Structure formats: C-alpha cells, structure tokens
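Asker: Dumping the structure here so I can ask a few things about it.
Derivation of every value follows stated rules applied to the coordinates shown; laboratory data play no part. All values derive from a computational prediction rather than experimental measurement. Backbone-built Cβ (ideal geometry, glycine too); neighbour counts: all protein chains shown.
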C-alpha cells in the first residue's frame, strides 16, 4: 500500500504533460514509426512503469506486481476469448462451412447493390465482427462487394463504415470486458450502457451505406432497407446487450438483421434494380443467378455453428449461471487514491476459470465434433490461428500491464485532474479521446484499457453518471476503426491496396468525422435527458 501523489512535479501542467507521455509515445511508435503493435505496447508499458516509479514515487515491487496483475488479466480476460473465437472462425473456414454460408448469403442479395450492401457489409459484417473482429470483416466483406461491382477503394470504405456500430461488442465482447477490468465497473451495467448508445448510433450507418453505393436516388428508392436494416440489428443487439451481457449482441443483432431483411424482400423490393452509383440495371444486363444449389442440409450445417455458439454462451454466461462467478484466487495490490480521501485504487487479477472464453472453448469443441473436424484440419486450424494471433495476444499482455500501472501509480489520476478543468465540456472530449485512441492502437480493446480508468476518474471528479464517459470512450473508439492503421492493414489484405493503408484512411476519414459528431450529440443527449441509463443501480442521481 502506498499513497498516490496527485502533482509530483509541483506544477500541475508539467505533471499533466508527463502523464501524457505514454499516450504520445504510442502515437509516435505506432503512427509515426509504424512499429508493430506488440513491440510498441511493450516499450510503452516499460516506459510507463519507469515513470510511475521515478516520477510518481510508486514502490518498484508494488509496481511490478501491478504490471503482472495487468498482464495476467490481458491473457485471461482478453486473449483467452479472442484466441478461441478465431479458432472457431478458422474451423468454419477449414471445413468449408464458412464458404457454404457465404455462398448462401450471396444468393440472397438479388441484383440490387443496396440489398447486397446491407446484407453483406452491414449484417454479415456484424456477424464477423462479433465472432472475430480485428479488421477481418473488412478483409472478408470487401472482396464480396468488389465481386458485385463496387470499385476496390469504395468497397473497402463501405466495409469499414458498416463495421462501425458492431465494434464495441466485437470479438465476443472483449472490448467491454477490458473496460470492466480496468475501471472496476460492473460488466453487465457497462454492456447495458454501451448497448443504449450503440442502439441510437446504429440508426444512421445504413443510410450512409445506401448513399455511398447508390447516391440520393438510391436512398429515396431504398429507404425501407435502411429502416429495416437498422431496426433489425438493434432488435437483436439491444436486449442481449442489456440483459445477457457483452458476448453475443453482434451475433444476435446480425442474425435478426438477416431475418428482417430477408422477410422484407419477400413482401417488398425496390421498384428498380440499381447498380453501383445508382445506375439502373436492365434485365438483360442483370442475368443474375438467384440460386445457390445448396441443399437444406447444407444450409442447416452452415448455420449450425452459430446456433451452437449462441446456445452455449447464453446458457453459460447468462444471469442464471453461476459459472462466471467461480473464483479460484486473486492477485491484488492497493494504493490510497490521490483523488478521493479514504478511497483505494487496486490492481487485481482474478482467476475465474469459467469465464466467457471458456464458454467459447466449449462451443468450439461441440462445433468441431458436429462438423467432423479431422486431425489434419485440427493442425491447420491451430497453425493458422497462432500465425494470425500471436502479435495481437502479446498486445493484450503489454497494454494491460501498461493500463494497470498507469492507473495504480497515480498517473491516470493526475491526467484526470488536468482534464477535469474543462468542466462539463469534457463530455465533448470523451468520445474524441476514444476515436484518437483507436487511431493509435487499432484496437477498441486497447483503447478501453488505456483510457477507461482515466475516463471514469474524470467522470467522478465532474459528477457525471459513472458509466457515461467510459461508454463514450468505447463507442468513440468503434467510430475511429476505419482510420486505424493496424485495422486497415488487416482489412486491405485481400485487396490491391495491400501496404497502401494511407489511401484507405484518407478515403474513410470524412465519414468517421460525421459519425463522431453524431456520437457527441448522442452523448450530450443522454447526459441531459436520460442520465439514469448511465447510473449504477443503487447510486443517487448525478448532480
């Protein structure tokens, strides 16, 4: 136990600048020097540990223990989920199940670019984000859009913008699990508050997508697609986020969106079939195949893994289950808070063996048996997953070590104290910091780990509802994904823009700023008119 120091240099502005060093360092290493994310976060975490010891007076032994607690949390709370999520996805790919599902989906798209965009980019992209994340929705969806006639650069932008709303619940809820780990806020309440913001945010992107692929003409003739696409996703996402937690909102949102759009197409279709840019497609030019040559059994087999995942995760992690609450041991160090007398700040790792990642593992085992995964395929799946994920898993280790030390040493408190001078106007800054954070790290998870505790501290100092600023941080990060270099590098892997991420980022920037402005308005709206949504149960209204 040690006493945090709020202003170790004696000059609050200088202290504030030093507390920003880890953030600026990551910016330089990632965006300036284009260093690998795992190496940049390793360097950043060691610099943060050194600053905490030298400037903030954190005892070395306690600082190292805080770092270890953070790294273990990164491994167990984040890497354990993302690894098995990617194993599940690669199992679908290796067994051909994913290709069958993609083939079936493509056959539902008709010849209209607006229908194709909402089915492939919006609904299918959300499913991929919910399962895997990390830019894979771009890499998978963009080639499909290119194949139906959208130019490469525009197809990647459409895939990226469609990927905005689902990101907070991406990779089976890992960003929100990370946010709960660093803030100490309840996971279910964070999932619910983010679900409210995302539900409002999700009203806009389908309209943007229609405009991007077909212009004003396409929007006027295809408006039912935007309404059903947005409300379908929200209908599947919102209740799951609020009542069941962060693991499945994207998966259920995408599936309900699929169903809603396909039902709509049974009773209504656009009066004219449009191609990219809003140009009508004649029947002679269309000559499209509406069949998929798949049997009912093949279609059922393609959907089976998603059904298994939903059933297992809901039964395993729902409020009726006691499995996630089983704890074997805890590693923890504490400090006296510099912001609130009598309060303590802890850096703790809790080993709960039956958390969501274990549920994903069980889901994969069942799917592997049902799909008949052979020994040789098993080897391919794990080799492919390790090749894809080792760097991202190291990022989880180092960014959480950095985040825990940043909070435990008192650096986050000093930074929060400086930003609190903005007063209530900070609500305009909170989502922007999330947007900047993901541009630095390429990861919503890393952004929440880096800024989550800081945002929560500013909220406490300013009397904001406790869930509001961390929520805006997470959703701000999802809006910034289309301009994140790390994400773009994965997203362009299947296009001719490999190693030309800069052009993609410039092409995406304008629309992310529009969506960021929309998010700021949403955040102000909740603060002024629905603050109770952002309160914890049993706490008095914010004053």
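Asker: When DSSP assigns beta bridges and you keep just the ones with both residues in the chain, what percent turn out antiparallel, to the nearest 5?
Answerer: Taking every DSSP beta bridge with both residues in the chain, the antiparallel ones total about 80 percent.
Asker: Describe numerically, in nm with one decimal, the distance between label points set 7 Å from Cα along Cα→Cβ at residue 263 and at residue 307.
Answerer: Between residue 263 and residue 307, the simple spin-label model gives 1.8 nm.
Asker: Using the count of nearby Cβ atoms within 10 Å as a rough guide to exposure, how do 370, 468, 528, 244 rank from fewest to most?
Answerer: Placing the least packed residue first, the sequence is 528, 370, 244, 468.
Asker: To the nearest 10 degrees, how steeply does helix 375-408 sit against the main Cα axis of the chain, on a 0 to 90 scale?
Answerer: 40
Asker: Moving on to the next point. Which translational diffusion coefficient, to the nearest whole µm²/s, is obtained for the stretch 164-231 from the Stokes-Einstein equation, given a Kirkwood hydrodynamic radius over C-alpha pairs, 37 °C and 0.692 mPa s?
Answerer: Stokes-Einstein gives a translational diffusion coefficient of 243 µm²/s.
Asker: Okay, moving on. With angles folded into 0 to 90 degrees, how steeply does helix 468-480 sit against the dominant principal axis of the chain? Use alpha carbons for both and round to 10.
Answerer: 50
Asker: Can you give me the Rg/Rh ratio for the stretch 285-408, using Cα atoms for both radii and the Kirkwood formula for Rh?
Answerer: Ratio of gyration radius to Kirkwood radius: 1.16.
Asker: Using only the alpha-carbon atoms, what does the stretch 55-184 span along each of its principal axes? Please give whole angstrom values in decreasing order.
Answerer: 65, 33, 22
Asker: Considering every pair of different Cα atoms, what Kirkwood radius, in Å, is found for the stretch 383-489?
Answerer: Final number for the Kirkwood radius of the stretch 383-489 is 14.2 Å.
Asker: With an 8 Å Cα cut-off and a minimum separation of 6 or more residues, compute the relative contact order for the chain in percent.
Answerer: Dividing the mean separation by the residue count of the chain yields 24 percent.
Asker: At a Förster distance of 30 Å, what's the computed FRET efficiency of residue 279 paired with residue 227, Cβ-Cβ distance as r, to 0.05?
Answerer: Result of the calculation: an efficiency of 0.80.
Asker: State the Kirkwood hydrodynamic radius of the stretch 349-422 in Å, one decimal place, computed from all pairs of distinct Cα atoms.
Answerer: 16.1
Asker: Which of the peptides 180-186, 227-233 is most tightly packed, and how do the rest follow, judged by the mean count of other Cβ atoms within 10 Å per residue?
Answerer: 227-233, 180-186
Asker: While we're on this one: What angle, in degrees between 0 and 90 and rounded to the nearest 10, separates the Cα long axis of helix 60-73 from the longest principal axis of the Cα atoms of the chain?
Answerer: Roughly 20 degrees, rounded to the nearest 10.
Asker: Using alpha carbon coordinates only, what is the Rg to Rh ratio of the chain, with Rh defined as the Kirkwood radius?
Answerer: 0.97
Asker: Let me ask something else. Starting from one equal scatterer on each C-alpha and no solvent at all, send me the Debye-based log10 I(q)/I(0) for the stretch 124-268 at q = 0.09, 0.15 Å⁻¹, two decimals.
Answerer: So the normalised log intensities are -0.27, -0.73.
Asker: If you stretched the chain out fully between residue 422 and residue 299, how much longer would it get, using 0.36 nm times the residue separation minus the C-alpha to C-alpha distance?
Answerer: Gain on extension, residue 422 to residue 299, equals 38.7 nm.
Asker: May I pose another question? Extension gain residue 104-residue 330, at 0.36 nm per residue separation less the Cα-Cα distance, in nm?
Answerer: Length difference between fully extended and current span is 76.6 nm.
Asker: If you don't mind, another one. Between the stretch 302-370 and the stretch 385-461, what's the alpha-carbon centroid distance in Å?
Answerer: What the calculation gives is 21 Å, centre to centre.
Asker: Could I ask something else about it? Provide the convex hull volume over Cα atoms per residue for the stretch 206-350, in Å³.
Answerer: In the stretch 206-350, the Cα convex hull volume per residue is 212 Å³.
Asker: Now, a different point. When every alpha-carbon pair in the stretch 1-116 is counted, what percent end up more than 16 Å apart?
Answerer: 75
Asker: In Å, what is the Rg of the alpha-carbon atoms in the stretch 327-385, and how long is Dmax?
Answerer: Taking only Cα atoms of the stretch 327-385, I get Rg and Dmax of 20.3, 60 Å.
Asker: Per the helix-only calculation at 222 nm, which mean residue ellipticity applies to the chain, given -39500 (n - 2.57) for every DSSP H run of n ≥ 4 and division by its residues, nearest 500 deg cm²/dmol?
Answerer: Calculated from helices alone, the mean residue ellipticity at 222 nm is -22000 deg cm²/dmol.
Asker: Pull out the extension gain between residue 322 and residue 272, defined as 0.36 nm times the separation in residues minus the alpha carbon to alpha carbon distance; nm, one decimal.
Answerer: Residue separation times 0.36 nm, minus the Cα-Cα distance, leaves 12.7 nm.
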